[in-house]
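Participant: Here's a structure for you.
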Amino acid sequence: MTLKFGTSGLRGLVSELMGPPARTYTIAFARMLMGRGALSEGDKILVGRDLRSSSPEIAGIVHAAIAEAGLVPVDCGALPTPALALYAAGKAPAIMVTGSHIPDDRNGLKFYRADGEIDKRDELEIVAIHAGLQIADRSQPSVEPVQLGSEPSAGYRDHFLGFFQRGSLSGVRVGVYQHSSVARDIIVDILRALGAEAVPLGRSTHFIPVDTEALRQEDLSLLKNWSAAEPFDAIVSADGDGDRPLVADAQGSFVRGDLIGAITARFLDADCIVTPVSSNSALERCGHFATVVRTRIGSPYVIEGIGTALAQGAKCVVGFEANGGVLLGSSVEKDGRTLAALRTRDSLLPILCALSTIATAGRPLAEIASGFGFLAAASGRLEGVSAEDSASFLKRLATDAGYADTLFEILGGVANIDNRDGVRVTARNGEVVHFRASGNAPELRCYIEAKTESRADELLAWGLDLSRTQILEG
């Protein structure tokens, strides 16, 4: 069974989520909230979805399960996850049917309380309630949900147009890689409303799993080809459910998500950033932020870190992950305009902040990015690795100092190991190799930091080969 809570929501194979599991996990979520007094019979739960092929059918199952729990399903249609979260805030709980960036044969559910994304404690309670459910395995009657129309997407658009000045991106030419992202049209719409020349590119009729933390070679080639064919100040995109950005500079070179997060935080004058251990180690050295808080990987941990930072007196807190998703921890005021906090991953905010920095600084994105002094980074994945095999390798690497030193002898040995999330090894030569099991798929991820891009790519190949050999040899 692949179905489980990972770094962001419940994920698994469509074949394992479709039918009774989607129904029972939805009922477990509803019962958790009703048991707390956060919902009463007849209250509403909002439902959104992405554009993958299985999402409409799973959304229908979710609608019926909400009705079965004595509540009213509200269909918000296909829209970005952050748009659903923003609309739901303070109104009603929500469920987003999405597998985010993972392949089309997988899908998932993201759950939101009315006060924000569920946390790890909520996940444990949902799992416990689900385990104790005794519900007859029967076919569900079809349910006609309340249709909400375009209101949530319109609210998401207004969220940004009320903060960024109309015309502020005038003169900025942007390619928008649309593929199958549910955010593909609203990105173009908002950019044009702000005065940018937005050129749609690469729209797809089938689902494409664009992972902004580990781009496919096909995506990297497309970015280079588009930038060579015509002049762009940047090319932007988002993953399947629109909560992670993809940003490339004028040359079509991908700008990593943690760097886009740093540019965003700098544009918003953040005094505190909250980011996982996988983000670039230059964040502490760049001097732009008074406080840098490190967390485990996953938006629930970043949200928890944001709450702690605010409780300790931070004024403007921006959270972000290596995948580029930005969580705005506190409301921001700039030039007399206010942007409300949104503590869930968002792709539009970092895209707009990066483009606004280009417009206001009058400098290319590549030059802006170089000012943060990031080490070159690379990331990749070893697919088809079970959670058990990953855990065995990572445990030995974290606990057997002799084993770790032997493996990393070629890099001068081990200087430091951080095992807050996976095993992040800082070698004696200053390079970083971070292994971590994916929370969403059967794969081992590898993150690299080195002085040059070519060395980072070389070290990534070495790290993946090393882990493959060690796992195969047991």
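The values are calculated or read from the model by the stated rules, or taken from the named source; none is laboratory data. Bear in mind the structure is a predicted one, so any value in this text is a computation, not a measurement. Backbone-built Cβ (ideal geometry, glycine too); neighbour counts: all protein chains shown.
Participant: Do you know which of the residues in region 200-248 that are surrounded by 16 or more Cβ atoms within 10 Å (Cβ to Cβ) and of a type in the set (Val, Ile, Thr) is farthest from Arg173 (Cα to Cα)?
Facilitator: Out of the qualifying residues, it is Ile208.
Participant: Identify all residues within region 287-305 that are closer than 22 Å to Val432 by Cβ, out of contact with any Ser or Thr (no Cβ under 8 Å at 6 or more places or on another chain) and part of a loop (DSSP other than H, G, I, E, B); write none if there are none.
Facilitator: Gly287, His288, Phe289, Arg296
Table: residues versus (1) among the β-branched types (Val, Ile, Thr); (2) in contact with a strand residue (DSSP E or B) (Cβ under 6 Å, 6 or more places away or on another chain); (3) touching a residue at least 60 places away in the same chain (Cβ under 8 Å).
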site	(1), (2), (3)
Gly380	no, yes, yes
Ser390	no, yes, yes
Tyr403	no, no, no
Glu409	no, no, no
Arg420	no, no, yes
Gly430	no, no, no
Arg436	no, yes, yes
Leu460	no, yes, yes
Asp465	no, no, no
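Participant: Do the conditions hold for Pro141, that is, is it farther than 30 Å from Ile358 by Cα, touching a helix residue (DSSP H, G or I) at 6+ places or on another chain (Cβ under 9 Å) and buried (at least 17 other Cβ atoms within 10 Å of the Cβ)?
Facilitator: No: the conditions fail for Pro141.
Participant: Return the only residue of Ser204, Ser180, Ser253 being in contact with a strand residue (DSSP E or B) (Cβ under 7 Å, 6 or more places away or on another chain) and among the polar types (S, T, N, Q).
Facilitator: Ser204
Participant: Suppose we keep only residues that are of a type in the set (Asp, Glu) and over 17 Å from Gln147 (Cα atoms) within region 10-64. Which one would you say is surrounded by the most Cβ atoms within 10 Å (Cβ to Cβ)?
Facilitator: By that ranking, first place goes to Glu16.
Participant: Another question, if that's okay. Name the residues in region 252-286 that are aliphatic (A, V, I, L, M), part of a loop (DSSP other than H, G, I, E, B) and under 19 Å from the mean Cα position of the chain (by Cα), would you?
Facilitator: The answer is Val277, and nothing else.
Participant: Condition first: buried (at least 23 other Cβ atoms within 10 Å of the Cβ) and either at pLDDT below 90 or among the basic types (Lys, Arg) (or both). Now tell me which residues in region 442-457 satisfy that.
Facilitator: Arg445
Participant: Here's something else I'd like to know. Within region 192-201, identify whether any single residue is in contact (Cβ under 8 Å) with a residue 40 or more places away in the chain, over 17 Å from Thr357 (Cα atoms) and not polar (S, T, N, Q), and answer yes or no.
Facilitator: Within region 192-201, not a single residue is in contact (Cβ under 8 Å) with a residue 40 or more places away in the chain, over 17 Å from Thr357 (Cα atoms) and not polar (S, T, N, Q).
Participant: Please determine, by comparing only the residues of region 244-294 that are in contact (Cβ under 8 Å) with a residue 40 or more places away in the chain and hydroxyl-bearing (Ser, Thr, Tyr), which one is nearest to Glu218 (Cα to Cα).
Facilitator: Ser253
Participant: Can you tell me which residue among Asp258, Asp271 is within 26 Å of Ala376 (Cβ to Cβ) and in contact with a Phe, Trp or Tyr (Cβ under 9 Å, 6 or more places away or on another chain)?
Facilitator: Asp258
Participant: So which of Ala154, Ala114, Ala136, Ala131 is without any contact (Cβ under 8 Å) to a residue 60 or more places away in the chain, within 27 Å of Gly90 (Cβ to Cβ) and among the hydrophobic types (A, V, I, L, M, F, W, C)?
Facilitator: Ala154
Participant: On the basis of being closer than 17 Å to Thr275 by Cα and either loosely packed, with under 15 Cβ neighbours inside 10 Å or not assigned by TED's automatic domain parsing to the domain that holds His288 (or both), does Val433 make the cut?
Facilitator: no
Participant: Got a number for residues in region 393-428 being of a type in the set (S, T, N, Q) and at pLDDT 95 or above?
Facilitator: 2
Participant: For region 292-325, give me each residue that is touching a Gly at 6+ places or on another chain (Cβ under 6 Å) and not hydroxyl-bearing (Ser, Thr, Tyr).
Facilitator: Hits for region 292-325 are Val293, Val302, Ile306, Val317, Gly319, Phe320, Ala322, Asn323, Gly324.
Participant: Let me ask something else about it. With respect to Ala92, determine if the residue is over 17 Å from Asp241 (Cβ atoms), among the aliphatic types (A, V, I, L, M), touching a residue at least 40 places away in the same chain (Cβ under 8 Å) and assigned by TED's automatic domain parsing to the domain that holds Glu41.
Facilitator: Criteria met by Ala92.
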